[in-house]
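Visitor: There's a structure below that I have some questions on.
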Amino acid sequence: EAFVIICAAAGGMVTNLKELSMDNDKRKLTEKELKSKSDFEKFNSEMQQKGYKTKNIIINTQQAKPLCLLIMLPFMALAFWIYYNVNGFDLDCLSWGFLVVLLMLFLCLSILHELIHGITWSIFAKNHFHSIDFGFIWSSFSPYCTCSEPLKKWQYLLGTAMPTLVLGGGSAVAAVMTNQLLIFLLAEYMIASGGGDFLIVLKGMLHHTDKKKSVYCDHPYECGFVVFE
């Protein structure tokens, strides 16, 4: 029973604000998001005056949820196969106490997920952490991170993928090495919750341009990014 609840919790929780509905028509933007929107519009105007054209790469999160899960299923299956073949599964540790600890760690890792986004992007941003903004949407109980500064394509996509690589891939390796079911379930959750990020990475990799210059900027309130080229 506890295992069923764990799976349901992992399937229902989402870590990134950008993986929740960021549609301006569906929810009221916070004051912080309204300021980010205003700053972005000013920056957009400046870039257009310099000859840049904008291309919005936006994801409909409600329609994309099945695709996000489909993208991450092979990685989850690989982690499962390796863990099972190396350690097997000992379910004797499952209990209500185990479940409570697991859910608390889900929340902590969700926050750490956003922090890793910010740390990675801040390394490449000229203003470093001054260009990074963290927040929390209480209606969906979800933390988020955005970068207001334009970055090179590989810098933006690396920052987008880094939390899943570290918390998902890294935890999966640690789980196999230590034979800890708790760490394995955390790894599977972090891999699954990175589906939205990896969909953005995929869209970014598939976007090609013949322009001489292009920069990528996190969208201030939608799920996706803006390309200036």
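The values are calculated or read from the model by the stated rules, or taken from the named source; none is laboratory data. These figures come from a predicted structure and were not determined experimentally. Every residue, glycine as well, gets a Cβ built from its backbone with ideal geometry; the counts of neighbours run over all protein chains shown. Only protein heavy atoms, including side chains, enter the accessible area calculation; ligands, DNA and RNA are left aside. Shrake-Rupley method; radii C 1.70, N 1.55, O 1.52, S 1.80 Å.
Visitor: What number of residues within segment 173-188 satisfy the criterion of being crowded, with 20+ Cβ neighbours inside 10 Å and assigned to a loop (DSSP other than H, G, I, E, B)?
Guide: Qualifying residue count for the region: 0.
Visitor: Let me spell it out: the conditions are (1) open to solvent by 60 Å² or more (accessible area, probe 1.4 Å); (2) under 23 Å from Val101 (Cα atoms); (3) of a type in the set (A, V, I, L, M), and Ile191 meets all of them except one. Which number is the exception?
Guide: So Ile191 meets the others, but not (1).
Visitor: Can you tell me which of Gly204, Gly196 is in contact with a strand residue (DSSP E or B) (Cβ under 8 Å, 6 or more places away or on another chain) and assigned to a helix (DSSP H, G or I)?
Guide: Every option except Gly204 fails the conditions.
Visitor: Consider segment 171-205. How many of its residues are modelled with pLDDT under 90 and over 14 Å from Thr160 (Cβ atoms)?
Guide: 0
Visitor: What pairs can you find where one residue is in segment 86-111 and outside any helix (DSSP H, G or I), the other is at pLDDT below 90 and open to solvent by 70 Å² or more (accessible area, probe 1.4 Å), and their Cβ atoms are less than 9 Å apart, with a gap of 6+ or different chains?
Guide: Leu94/Glu1; Leu94/Phe3
Visitor: Could you check segment 179-209 and list, in sequence order, the residues that are among the polar types (S, T, N, Q), in contact (Cβ under 8 Å) with a residue 12 or more places away in the chain and within 25 Å of Ile82 (Cα to Cα)?
Guide: Asn179, Ser193
Visitor: Consider Asp133 against the criteria (1) closer than 26 Å to Ile71 by Cβ; (2) in contact (Cβ under 8 Å) with a residue 24 or more places away in the chain: it satisfies all of them except one. Which criterion is unmet?
Guide: Going through the list (1) closer than 26 Å to Ile71 by Cβ; (2) in contact (Cβ under 8 Å) with a residue 24 or more places away in the chain, Asp133 breaks only (1).
Visitor: How many of the residues making up segment 98-137 are closer than 17 Å to Cys217 by Cβ, in contact with a Lys or Arg (Cβ under 9 Å, 6 or more places away or on another chain) and not acidic (Asp, Glu)?
Guide: So the answer is 1.
Visitor: All but one of (1) open to solvent by less than 50 Å² (accessible area, probe 1.4 Å); (2) at pLDDT 85 or above; (3) over 24 Å from the mean Cα position of the chain (by Cα) hold for Ala79, so report the exception by its number.
Guide: It fails just one condition, (3).
Visitor: Among the residues in segment 150-164, are any of a type in the set (Gly, Ala, Ser) and in a loop (DSSP other than H, G, I, E, B)?
Guide: no
Visitor: Here is a follow-up. Give just the number: which of (1) at pLDDT below 90; (2) out of contact with any Gly (no Cβ under 7 Å at 6 or more places or on another chain); (3) within 28 Å of Val227 (Cα to Cα); (4) surrounded by 13 or more Cβ atoms within 10 Å (Cβ to Cβ) does Leu94 not satisfy?
Guide: (3)
Visitor: Which ones in segment 43-64 are in a helix (DSSP H, G or I), within 23 Å of the chain's Cα centre (by Cα) and either small (Gly, Ala, Ser) or surrounded by fewer than 16 Cβ atoms within 10 Å (Cβ to Cβ) (or both)?
Guide: Passing the criteria: Gln62, Gln63, Ala64.
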